[in-house]
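Chemist: Take this structure, written in structure tokens, and hold onto it; I'll ask about it next.
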Amino acid sequence: MKVFGITGWSGSGKTTLLVRLIPALVARGLSVSTVKHAHHGFDVDRPGKDSYEHRRAGATEVLIGSANRWALMHELRGVPEPALPELLARMSPVDLVLVEGFKRNPHPKIEVWRAATGKPPLFPEDPQILAVASDGAVPGCALPQFGLDEIDAIAGFVVRAVGIAARARAVG
């Protein structure tokens, strides 16, 4: 599996770019999965649901399955947070995994940067950032730059950066 990251400060538009980029890559015939890092506790379950009660009772893992999807929740219960490679190893094989967050990990990335966040660009300190997507000119940036609406161009850049070829989609 190839891995490519979307990085940037909170509020820069990483998720917005990611959800627009996925269909552009899928349209190129690629299978795509995502990994999202959360800096805080999160819950994909709700109090009162059976699976929530299973976890609350002390289960380490709870797997929920249906005709449409399945989800595995794993409680760390004091064990250190798994690193990105460990999380990737748990995923089913696909052509490309897009990673949102994990900005300190050594995988190729595009930075989403907006001056309005008030934060400096990350690219000067991270050699793994190969390009920048922004809503305007990025001062001092010699890397390839894309407008946030240049989704097809960004998709092409990602495909070339990780060295995978787009495939014709099967018709029928």
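The values are calculated or read from the model by the stated rules, or taken from the named source; none is laboratory data. Computed from a predicted model, the values in this text were never measured in an experiment. Glycine also receives a Cβ, built like all others from the backbone with ideal geometry; neighbour counts cover every protein chain displayed.
Chemist: Report yes if some residue within segment 90-113 is in contact with a strand residue (DSSP E or B) (Cβ under 8 Å, 6 or more places away or on another chain), without any contact (Cβ under 8 Å) to a residue 24 or more places away in the chain and either polar (S, T, N, Q) or in a helix (DSSP H, G or I) (or both); otherwise report no. It would help to see each step written out before you state the result.
Modeler: Looking only at segment 90-113, we keep the residues that are in contact with a strand residue (DSSP E or B) (Cβ under 8 Å, 6 or more places away or on another chain), and these are 91-92, 94-103, 105, 107-113.
After this cut, where a residue has to be without any contact (Cβ under 8 Å) to a residue 24 or more places away in the chain as well, the list is none.
No: zero hits.
Chemist: Moving on to the next point. Among the candidates Ala131, Ala137, Ala89, which residue alone is at pLDDT 90 or above and surrounded by 12 or more Cβ atoms within 10 Å (Cβ to Cβ)?
Modeler: Values: Ala137 fails: surrounded by 12 or more Cβ atoms within 10 Å (Cβ to Cβ); Ala89 fails: surrounded by 12 or more Cβ atoms within 10 Å (Cβ to Cβ).
Exactly one residue qualifies, and that residue is Ala131.
Chemist: Oh, and also: Answer with yes or no whether Leu72 is under 22 Å from Leu18 (Cα atoms) and of a type in the set (A, V, I, L, M, F, W, C).
Modeler: Details: under 22 Å from Leu18 (Cα atoms): no; of a type in the set (A, V, I, L, M, F, W, C): yes.
No; evaluated as a whole, the condition is false for this residue.
Chemist: Run down Ala38, Ala24, Ala59, Ala67 and say which single residue is under 21 Å from the mean Cα position of the chain (by Cα) and farther than 30 Å from Ala165 by Cα.
Modeler: Working: Ala24 fails: farther than 30 Å from Ala165 by Cα; Ala59 fails: under 21 Å from the mean Cα position of the chain (by Cα); Ala67 fails: under 21 Å from the mean Cα position of the chain (by Cα).
Every option except Ala38 fails the conditions.
Chemist: Consider segment 70-84. How many of its residues are surrounded by fewer than 13 Cβ atoms within 10 Å (Cβ to Cβ) and within 24 Å of the chain's Cα centre (by Cα)?
Modeler: Pass one, segment 70-84, residues surrounded by fewer than 13 Cβ atoms within 10 Å (Cβ to Cβ): 70-72, 76-81, 83.
Subsequent filtering for residues that are within 24 Å of the chain's Cα centre (by Cα) retains 70-72, 76, 79-81, 83.
Selection size over segment 70-84: 8.
Chemist: Look through segment 33-57, keep the residues that are at pLDDT 80 or above, in a loop (DSSP other than H, G, I, E, B) and not aliphatic (A, V, I, L, M), and return whichever of them is surrounded by the most Cβ atoms within 10 Å (Cβ to Cβ). Show your work before the answer.
Modeler: As a first pass, look at segment 33-57 and keep what is at pLDDT 80 or above: 33-37, 47-57.
Checking which are in a loop (DSSP other than H, G, I, E, B) leaves us with 37, 47-49, 57.
Going one step further and asking which of them are not aliphatic (A, V, I, L, M), we end up with 37, 47-49.
Details: His37: 16, Pro47: 8, Gly48: 7, Lys49: 11.
Among those that are at pLDDT 80 or above, in a loop (DSSP other than H, G, I, E, B) and not aliphatic (A, V, I, L, M), it is His37.
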